[in-house]
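The next block holds one structure in the form of structure tokens; read it before the comments.
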Amino acid sequence: MTGEYSDTLGCPMKIKVRDILQRLVLALAIALIVPVVLSAEITLSSAGKTVAIRSAQYKTGEYVALMELFDALGGRTTWNQLAKTLSVDLAGHHWRFQLFSPFVGIDGDPYNLVYPLRFQDDAIMAPLATLAPLLDAAHPMRVVWQPEQRMLIIETEQFNILEHRIERKKNGLLLELVTTRPLKFEAFASEGNWLNITLFEGQLDPGKFNRRYRSSLVREVKAYQFDQSAQVSFRFARNPGAFVTGTATEPDRLQIIFEDTTFFPDYPTPPNIQMETNPEPIDLIVIDPGHGGKDSGAIGRKKKTKEKDIVLRIGKYLKELIDKDKTMRAIITRHDDRFIPLHVRAKIANDAGADLFISIHANASPKAKPRGCQTFFLARAKNDDARAVAQLENAALQYEDNGPADTSVVNFILLDMIQTEFQRESADLAELVQKEFEHRLKIPSRGVDQAGFVVLNKVYMPAVLVESAFISNEKEEKLLRKKSFQKKVAEAIYRSIKSFKKKYDPAY
């Protein structure tokens with residue numbers, strides 16, 4: 001298709017529509033690529049010292065000169081002119097960047113920077129907003145990008161919230177959080193006898209704080225780490241009533257003072273909240289057979305086996321094993337073929353005060369060859385395979401009332417929602433499950449991985465999601481249909497729970 005007209009000299013000119021479109025695309029590309037601000041700078045702040053690093057402001061955001069940044073961080077950089085790749089060794093991790101690509105490899109795992117690397121003024125430029133979280137994850141210190149101040153901060157302290165204490169005083173009760181430096185904070189009470197303390201710019205290890213106690217005035221402590229703050233929550237045996245806040249020094253600490261001296265007469269209060277009272281035993285296990293009802297889960301390639309049927313049988317076998325064990329008991333989220341929303345499954349576990357949550361599934365792939373067993377815990381997905389599994393299991397949301405039509409967005413939403421309270425224990429449990437799978441199932445092991453599973457994100461206890469085998473693989477579909485294999489899966493999970501109890505249950 002062509003259009004024809006005459007220029008001012010009367011010469012006819014033919015312009016192809018395709019050429020016009022190409023020019024428009026080129027103009028748009030130039031608008032996105034050409035920086036709005038040339039030769040700008042950001043400030044790298046570490047250990048009280050600052051370094052200026054070249055940057056450029058594009059329409060897609062702030063870009064930083066990669067080699068200057070990693071040199072300032074103490075990394076060793078190598079540029080391959082032929083391959084157009086930049087290799088960096090920093091803090092025990094190996095990075096590999098490809099010019100004009102949005103992907104970066106860290107220790108062999110691919111990560112997406114969303115926007116591709118650029119080349120400007122003899123510098124390789126990378127998008128800072130998406131690079132900073134990767135630096136934070138791979139660097140031993142906390143890395144924070146503050147765009148308003150145009151400052152990249154490397155915090156020399158890994159944790160600045162150290163411990164919690166509680167003491168009975170003559171005029172009431174004193175609760176303290178010890179910190180390495182003064183931190184701004186706010187405290188508020190919520191339903192369920194909770195006192196919640198938010199510390200701005202706080203950094204803590206949740207595993208050091210999380211506790212549950214018997215027969216004491218503090219029944220439970222939970223800690224959460226967020227991007228710009230931390231929270232420590234205390235659940236009391238009874239409503240703690242009015243309180244006042246304050247601070248103290250040597251060491252730095254924030255203080256919560258309950259002034260009602262008659263409130264806790266019948267509850268023991270040790271001098272420190274790292275109590276003489278032992279943590280509760282690990283004895284209540286929630287078994288969650290995935291899918292059910294209108295949600296069939298994955299379907300077998302040859303026999304059209306439904307995932308929901310197989311995992312229910314495995315779940316029932318596992319419940320039998322646990323109920324026979326005098327040290328534990330089990331709750332199963334569904335006894336039959338019914339649909340239970342993901343948030344209801346989590347509520348069952350939370351309301352029961354369960355100690356472990358096991359979600360049972362069978363894996364699937366569009367291809368026929370993939371096979372093997374795998375165990376997941378809740379964390380940001382590090383690769384496309386893990387993201388695909390999470391999207392497959394999160395697809396149950398589409399069957400819920402008011403559920404999203406497109407569940408592919410769930411993983412992106414979860415990036416800002418994932419609770420890491422029991423991440424360490426969940427990772428340990430996943431390792432134990434996978435070890436038992438490798439020993440008992442005699443099928444390929446796909447190892448332990450992490451991803452954003454909605455059902456795990458809503459439970460407040462160590463939790464894993466197991467993919468027993470590939471129902472989309474003809475051989476493994478046949479295995480999954482066998483009662484003997486279903487019992488082996490249940491036995492492996494049961495043995496891993498026993499191993500976890502041995503490690504974490506002080507009374508076992």
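Each value in this text was obtained by applying a stated rule to the coordinates, not by laboratory testing. Keep in mind that this is a model prediction, so the values were computed, not measured. When we count neighbours, we look across all protein chains shown, and the Cβ atoms used for this are built from the backbone with ideal geometry, even at glycine.
The K478 and S445 beta-carbon pair, evaluated with R₀ = 30 Å, returns a calculated FRET efficiency of approximately 0.95. Shape of region 161-258 from the C-alpha gyration tensor: oblate (a/c of 1.5 or more and a/b not above b/c, with a ≥ b ≥ c the square roots of its eigenvalues).
Each peptide in 222-230, 351-359 gets a packing score, the mean of other Cβ atoms within 10 Å over its residues, and the list from highest to lowest is 351-359, 222-230. So if I take the centroid of the Cα atoms in region 83-104 and the same for region 214-253, what is the distance between those two points in Å? The distance from the Cα centre of region 83-104 to that of region 214-253 comes to 43 Å. Residue ranges 368-375, 459-466, 319-326 sort as 459-466, 368-375, 319-326 when ordered by packing (mean number of other C-beta atoms within 10 Å per residue, highest first). Measuring against 31 Å, Cα to Cα, the residue pairs K169/K458; K222/K319; K326/K435; K302/K442; K294/K319; K475/K502 contain K169/K458; K475/K502 as the ones spanning a longer distance. A protection proxy built from the mean count of other Cβ atoms within 10 Å ranks the segments 284-294, 240-250, most packed first, as 284-294, 240-250.
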